[in-house]
Amino acid sequence: MTVQNVVTSANLFNRIDLVKAASSLDNIEYEPEQFPGMVIRLDEPKTATLVFGSGKLVCTGAKSPEESRRAIFKIIEILRDYGTPMEKDPDIVVQNIVASGDLEMKLNLDDIILTLPNCEYEPEQFPGLIYRLKEPKVVLLLFGSGKVVCTGAKSEGDVIKAIERVKKSLIEEGLA
């Protein structure tokens with residue numbers, strides 16, 4: 001499995017003057033009449049972070065939780081350099097990890113929908129089978145080729161557990 005995107009939120013516990021920050025910073029997007037937040041894009045790590053006046057951030061595009069944390073701390077340094085005081089350490093929470101991979105087995109989605117619980121499959125609408133796991137709480141998209149996308153994970157461990165669980169279920173039910 002390869003992590004494709006990590007979405008992380010952060011609370012800086014401090015209001016941010018977006019007008020002042022936007023006038024001081026390069027490589028940002030801020031159009032308050034269109035959207036209430038400012039977008040700061042970093043090249044390293046390659047992320048986009050929404051910065052709100054409330055002091056809340058949403059970072060997307062990282063390839064790992066650690067990379068996302070690094071991006072948030074870079075944004076904090078950028079904001080500090082332009083006069084935004086930071087008195088507390090940020091509260092950083094991983095909201096979603098999206099990963100993709102290959103189960104290395106062909107799948108008959110018509111058989112899977114009839115056997116496994118919590119599945120949806122409407123091939124006229126979407127070519128993948130949607131499989132909702134309760135533990136870990138993730139959604140897997142399974143394709144006939146054996147490719148899989150995992151979304152909703154809160155940790156890389158959740159991704160691994162979900163893939164192991166679906167493989168085990170497919171084998172036990174004779175579906176792989």
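Between amide H atoms placed 1.01 Å from N, distances below 5 Å from G55 occur with I16, all of them 5 or more places distant or on a separate chain. Extending 7 Å from the Cα toward the beta-carbon at both I130 and D102 defines two label points whose distance is 2.7 nm. Under the convention that each Lys and Arg Cβ holds +1 and each Asp and Glu Cβ holds -1, the size of the dipole of the stretch 7-94 around its Cα centre is about 180 debye. Stretching E33 away from E120 to a fully extended chain increases their span by 27.4 nm, per 0.36 nm per residue minus the current alpha-carbon distance. The mean sequence distance of close C-alpha pairs (under 8 Å, at least 6 residues apart), as a share of the length of the stretch 28-128, puts its relative contact order at 12 percent.
For D111 and E44, a Förster radius of 30 Å and the Cβ-Cβ distance give a FRET efficiency of 0.10, rounded to the nearest 0.05. When each of the peptides 51-63, 21-33, 154-166 is scored by how many other beta carbons lie within 10 Å of its residues on average, the order from highest to lowest is 51-63, 154-166, 21-33. What FRET efficiency comes out for the pair T2/S24, r = Cβ-Cβ distance, R0 = 30 Å, nearest 0.05? For R0 = 30 Å, the calculated efficiency reads 0.20.
A Cα-only calculation for the chain places Rg and Dmax at 20.2, 62 Å. Measure up K63/K134; K56/K88; K134/K167; K63/K106; K134/K168; K46/K106 against 22 Å on the Cα-Cα distance and list the ones that go over. Violating the 22 Å limit, Cα to Cα: K63/K134; K63/K106; K46/K106. Here the dipole of the chain is about 380 debye; that uses its Cα centre as origin and unit charges on the Cβ of Lys and Arg (positive) and Asp and Glu (negative).
Straightening the chain between S145 and Y82 buys 17.6 nm, computed as 0.36 nm per residue apart minus the Cα-Cα spacing.
Any read-out appearing in this document is the output of simple, stated calculations on the displayed coordinates, not a laboratory observation. The structure presented is a predicted model; accordingly, all values stated were derived computationally and were not measured. Neighbour counts run over all protein chains shown; Cβ positions are idealised from the backbone, glycine included.
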